[in-house]
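Pasting a structure below so you can have a look.
The values are calculated or read from the model by the stated rules, or taken from the named source; none is laboratory data. Remember, it's a predicted structure, so these values are computed and weren't measured experimentally. Ideal geometry is used to build each Cβ from the backbone, glycine not excepted, and the neighbour counts take in all protein chains shown. Keep in mind that these areas ignore ligands, DNA and RNA; they rest on the heavy atoms of the full protein, side chains included. Shrake-Rupley method; radii C 1.70, N 1.55, O 1.52, S 1.80 Å.
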Amino acid sequence: GTARIAVTGLATMGSNLARNLARHGYKVAVHNRSFARTKALIEQHGHEGDFVPAETTAELVASLQRPRQVIIMVKAGGPTDAVIDELAEAMEPGDMIIDGGNAHFADTRRREAALKERGLHFVGTGISGGEEGALNGPSIMPGGSVESYKHLGPVLEDIAAKVDGEPCCVHVGPDGAGHFVKMVHNGIEYADMQLIAESYDLLRRAGGLEPSAIADVFRTWNSGDLESYLVEITAEVLGHVDAETGKPFVDIITDQAEQKGTGRWTVQEALELGIPVTGIAEAVFARSLSARVDQRSALQSTSDTPVQVPETLVDDVRAALYASKVVAYAQGFDQMRAASEQYDWNIDLGAMATIWRGGCIIRAVFLNRIREAYEKTPDLSSLLVDDYFRTAVENAVDAWRRVVTTAVQAGVPVPGFSSALAYYDALRSERLPAALIQGLRDFFGAHTYRRVDKDGSFHTLWGADRNEIDA
Ligand code: NDP
């Protein structure tokens, strides 16, 4: 065979990725379960580069140079397993199967281990940026072996988004590391969007601003430390007017947020790792809550008490948004750090910030600051400990408290802002009431406690003389 690389699964993502490869001069073999999609791709975009259409998996594999590299872009779950099995049958030791779908990292670990036994490399890779990114340069997060990255890395770096000349692609770590990091990326995206939504809600319901005015506010915010793709498109969506009714577009959309599951996975895995990703969890739950139509309509009322809104509301919300965002990212990076330790992935956290600067949904100028923080201190325990972020959050804290206070008084739910503030306040507290919880646990369950003044574990004989014993 003569093709450099192949793509199987030519729906939106796969066909755009294949076109991206072809446009970069790679000879790409293309395949899809139903040949119609392959034909359509060649007919519509065949002139963009060197495509080799294949009708069957055997044909696809035969058309490739060795070691063979096939990127799978099909529905996650069962379909991905089916395609992997078919490919593995036709391939030879040393060949590589790359899954670019949104797989759960545990599936990726399982698949990698199974294929390794057959001498095949399996690379689970996160690809972010949706259909536009796949075509013009996504952020790419490949896992798998160092050996496979030697062959694959240069191609992926070539087609990835570039920021300041640097590709938004790096070898994340072995087996499921790439898909794990993509999952956390999506979790952070949930949190980021929730915080933006709360900002809008407050400016509208407490601040009395119209969507078009709020669009202008976001447009202003999209310079300086909040500059990001999500803030930019928030201005676009809020400024849009529905053609049919002439109403603000945001008012004609059903207010029930949907989700595909990566946010939920992030929180589930954070619970397993014992990492408090409260911002992401609140964002996932806020979407679930919005969909509880029955409960919402039963409780709906407009009887909120009028509140004194600070004159500085717009600036305060900006500060609260920034500080809460720092917390959400700090939590997501904490989760990646913990998983990296747990699974021996050796993830370079600064490199993750670097490859998220372009191509993906959470791309933001702010990620440069995160990168710098990890460059300065590679084993940073939390982003909030870094001098830059610590100062930034300290400077925002008064405004942040005013925003949460105003929201609480006005009856505007701000689970993202308030949970982020609680997380920050908890980390700053000299003493936490966890001491009382330990006391209660010892009382009812003899679970023991440690003392601040000496080593060891202790238990108080609560039901007897209340003397303390070594446990
Ligand atoms: P879809 O998830 O809609 O999947 C459609 C493709 O899967 C078609 O090519 C279809 O083939 C194929 N397929 C389905 N079942 C099987 C099967 N049993 N055997 C073989 N092929 C099968 O496509 P997308 O392009 O939206 O996404 C592809 C992957 O990329 C998914 O895992 C998705 O989660 C991930 N992803 C998507 C993003 C997005 O923005 N859409 C962003 C990042 C990742 P056929 O034409 O024959 O039906």
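In the chain, what percent of the accessible surface is made up of carbon and sulfur (1.4 Å probe, ligands and nucleic acids excluded)?
Answer for the chain: carbon and sulfur cover 51 percent of the accessible area.
Using Cα positions and a limit of under 29 Å, work out the lysines in reach of residue 325, with same-chain residues fewer than 8 apart set aside.
Cross-link targets: 162, 182, 260, 376.
Can you give me the Cα centroid spacing of region 65-144 and region 277-341 in angstrom?
After rounding, the separation between the Cα centres reads 35 Å.
Here's a follow-up. In a shell of Cβ-Cβ distance under 14 Å around residue 379, excluding residue 379 itself, what net charge do Lys and Arg (+1) and Asp and Glu (-1) give?
Charge balance near residue 379 sits at -3.
Given contacts defined as C-alpha pairs under 8 Å and at least six residues apart, what's the relative contact order of the chain, whole-number percent?
12 percent
Can you give the Rg to Rh ratio of region 67-170, both from alpha-carbon atoms, with Rh computed by the Kirkwood formula?
On the Cα set of region 67-170, Rg over Rh gives 0.96.
If you don't mind, another one. Under a 5 Å amide H to amide H cut-off, with H placed in plane at 1.01 Å, what residues pair with residue 29 once short-range neighbours are removed?
4, 5, 6, 7, 52
Just to check I understand the Karplus step: with θ = phi - 60° and J = 6.51 cos²θ - 1.76 cosθ + 1.60, what whole-Hz values come out for region 274-286, glycine and proline as x?
Each residue's phi maps through the Karplus curve to give x, 9, x, 9, 4, x, 5, 4, 4, 5, 5, 5, 4 Hz.
Oh, and also: How much accessible area per residue does region 347-394 have, counting only protein heavy atoms and a probe of 1.4 Å, in square angstrom?
Ligands and nucleic acids excluded, the result is 39 Å² per residue.
Next question. So, for region 1-86, what is the accessible surface per residue at a probe of 1.4 Å, expressed in square angstrom?
45 Å²
Now a separate question. Report relative contact order for region 1-151 in percent, whole number only (criteria: Cα-Cα under 8 Å, sequence separation at least 6).
Contact order relative to length: 22 percent.
Using modelled backbone amide H atoms (1.01 Å from N, in-plane), which distant-in-sequence or interchain residues come within less than 5 Å of residue 169's amide H?
140
Over region 172-310, what is the relative contact order in whole percent, taking alpha-carbon pairs under 8 Å and six or more residues apart?
27 percent.
What distance in nm lies between label points placed 7 Å from Cα along the C-beta direction at residue 405 and residue 227?
About 3.3 nm, to one decimal.
Give me, ordered by chain and number, the residues 5 or more places off residue 257 or on other chains with an amide H under 5 Å from its own placed amide H.
290, 291
Given a Förster distance of 51 Å, report the FRET efficiency between residue 434 and residue 213 from their Cβ-Cβ distance, rounded to the nearest 0.05.
Once rounded, the FRET efficiency stands at 0.70.
Further question on the same structure: Using all alpha carbons of region 1-129, what is the percent of pairwise distances in each 5 Å bin, ordered from the shortest bin to the longest?
2, 12, 24, 25, 21, 12, 4, 1, 0
Karplus couplings for region 212-226 from phi (6.51 cos²θ - 1.76 cosθ + 1.60, θ = phi - 60°), rounded to Hz, Gly and Pro as x?
Calculated HN-Hα couplings, in order: 5, 5, 5, 4, 5, 4, 5, 4, 5, 5, 6, 9, x, 6, 9 Hz.
Right, something else. Under a Cβ-only charge scheme (Lys and Arg +1, Asp and Glu -1), can you give me the dipole magnitude of region 128-248 about the Cα centre, in debye to the nearest 20?
Dipole magnitude for region 128-248 comes out near 160 debye.
What is the local net charge at residue 214, summed over the other residues whose Cβ is closer than 13 Å to its Cβ (Lys, Arg +1; Asp, Glu -1)?
The answer is -2.
Roughly how big is region 287-362's charge dipole about its Cα centre, with Cβ charges of +1 (Lys, Arg) and -1 (Asp, Glu), in debye to the nearest 20?
With Lys and Arg at +1 and Asp and Glu at -1, about 240 debye.
For a distance above 42 Å, tell me the whole-number percent of Cα pairs in the chain that qualify.
The answer is 27 percent, as a whole percent.
Among the lysines, select those whose C-alpha is under 29 Å from the C-alpha of residue 39, and discard any that sit fewer than 8 residues away in the same chain.
Counting by Cα, and skipping residues close in sequence, residue 39 has these lysines nearby: 27, 75.
Right, something else. With the Cα gyration tensor of region 230-301 giving a ≥ b ≥ c as the square roots of its eigenvalues, does the rule (a/c under 1.5 for rounded; else a/b larger than b/c for prolate; else oblate) give rounded, prolate or oblate?
oblate
Let me ask another. Rounded to the nearest 10 degrees, what's the angle between the helix 78-90 long axis and the longest principal axis of the chain, both from Cα atoms, 0 to 90?
Computed tilt is about 40 degrees.
Where does helix 434-445 land angle-wise versus the long Cα axis of the chain, in degrees 0 to 90, nearest 10?
90 degrees
Add +1 for every Lys or Arg and -1 for every Asp or Glu among the other residues with Cβ under 9 Å from the Cβ of residue 262, and state the total.
+2
Among 35, 70, 321, whose Cα sits farthest toward the positive end of the charge dipole of the chain (+1 at Cβ of Lys/Arg, -1 at Cβ of Asp/Glu, about the Cα centre)?
Working it through, the farthest residue towards the positive pole turns out to be 35.
Which angle between 0 and 90 degrees, to the nearest 10, do you get for helix 146-159 versus the longest principal axis of the chain when only C-alpha atoms count?
90 degrees
Here's something else I'd like to know. Would you be so kind as to identify which of 456, 419, 433 lies farthest towards the positive end of the dipole of region 401-471, taking Lys and Arg as +1 and Asp and Glu as -1 on Cβ and the Cα centre as origin?
Among 456, 419, 433, the one farthest towards the positive end of the dipole of region 401-471 is 419.
Counting Lys and Arg as +1 and Asp and Glu as -1, each charge on the Cβ, what is the dipole of the chain about the Cα centre in debye, to the nearest 20?
Here the size comes out at about 380 debye.
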